[in-house]
Amino acid sequence: MHQDKSQNLGHLSPFLMAALRRLFKPLVRLLLRQQVAFPVLVELLKSLYVQVAETEFTLESKRQSDSRLHVLTGIHRRDIKRLRGIPEAAIKVPVNIAVGGQAVSRWCTDPEYLDAEGNPAPLPRLARKAGSPSFEALVSSISKDTRPRTLLDEWLRIEVVTLNEDHEVCLRREAFIPDKGLEEKLYYLGRNLHDHIATCEHNLGSDQAPFFERSVHYPELLAEDVEILRQKAAEMGMQTLTTLNEMALKLRENSAGQPGERERINVGIYFYKEPAENETGQQSSTPNEKG
C-alpha cells in the first residue's frame, strides 16, 4: 500500500510548512515557465542539502561521514557519496553586470558625470576634448579589459541606456535592472532573493543582532490608490538607493588600501500587489464582502 508521506510531517511546525508553501509557489511558477522539470529541481535540492549539511552543520573534532549526512538530510547514502564528489559550480556574473554595476554607480554619484541638477548627465560616446567626460572614459575608469563600445551595444539592447538626438548616451533612471536580458534578470533573481531569504533565516535562527527587514502591507485597497502608492514607493525607493549608493562609493574609495575585514552589502526595495483575498483565499470584490 502506498503511504501518504504527508503523515510524516507531523513533527514540523504548521506555520513553517505554511510559510514554505507560500514561499515556493512563485518559485514553482517560475520553474514551470522556464521548463525546469521536477526531477531537475530534486537533484539540485539534494546537492544543496548535502553541501549545506556538510559545511554548516559540523561537529567539533568529528569527520562529516556519509552516515551523519544521511541522518541530517534524509538522503540515501548512495546519493550522498555521489554528490560529495561533484564540485560546486561557480556563479557566473554577466560581464555587463560585473563592470556595468560599477559604471552605473559612478555615473550616478561622481560629480564629473552629473548635470547641474545632480542627475546622471548625457555622455558623448567619445571625449570631445582631452579629459572631458564621455562614456568611453566612464567605462575605462572601471575596467581596461572591457571595450566601451561592446558594453554600450549591450546596454542599448537591454535598454539600460538610450541615445538622444545628439547621439549622447543617456542612463535610464531605473537602471540597473534591465527590462530585457534574461541572463541579467536571472542573476539578480538569485542574488536578491538569496540575500532576502538569508536575512530572514539569520533573524530567525541567529543569536547575533538581527538585520533590518521591514515591510508595509495593506489589504482591501482600491486599485487607483494602489497606483498612487506604487508611484510613491518607486520615487522614495530610488531616492533611498541613490543616497546609499553615493555613500557606499565614497566610503569604499576612502578606505581603499586600508587593512581590515571586507564585507559586502545588499539593500533592496520592492513593491508587490495582487488581488485582495479574504482568509479563505477567495478574491473579494468590495471591502464589505465577507463571503
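The values are calculated or read from the model by the stated rules, or taken from the named source; none is laboratory data. These figures come from a predicted structure and were not determined experimentally. Note: ideal-geometry Cβ built from the backbone for every residue, glycine included; neighbour counts use all protein chains shown.
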Worksheet entry | Breaking point among (1) over 29 Å from Ile265 (Cα atoms); (2) assigned by TED's automatic domain parsing to the domain that holds Asp110; (3) not small (Gly, Ala, Ser), for Val226 | (2)
Response to the item:
All conditions in (1) assigned to a helix (DSSP H, G or I); (2) at pLDDT 95 or above are true of Phe211 except (1)
Item to complete: Filter segment 130-176 down to residues that are hydrophobic (A, V, I, L, M, F, W, C) and in a loop (DSSP other than H, G, I, E, B) and give me whichever is modelled with the lowest pLDDT.
Response: Phe176
Fill in: Residue, surrounded by the fewest Cβ atoms within 10 Å (Cβ to Cβ), within segment 253-275, restricted to residues that are small (Gly, Ala, Ser) and more than 29 Å from Ser215 (Cβ to Cβ)
Gly257
Worksheet item: Would segment 67-84 turn up any residue that is among the polar types (S, T, N, Q) and farther than 25 Å from Leu189 by Cβ?
Response: yes
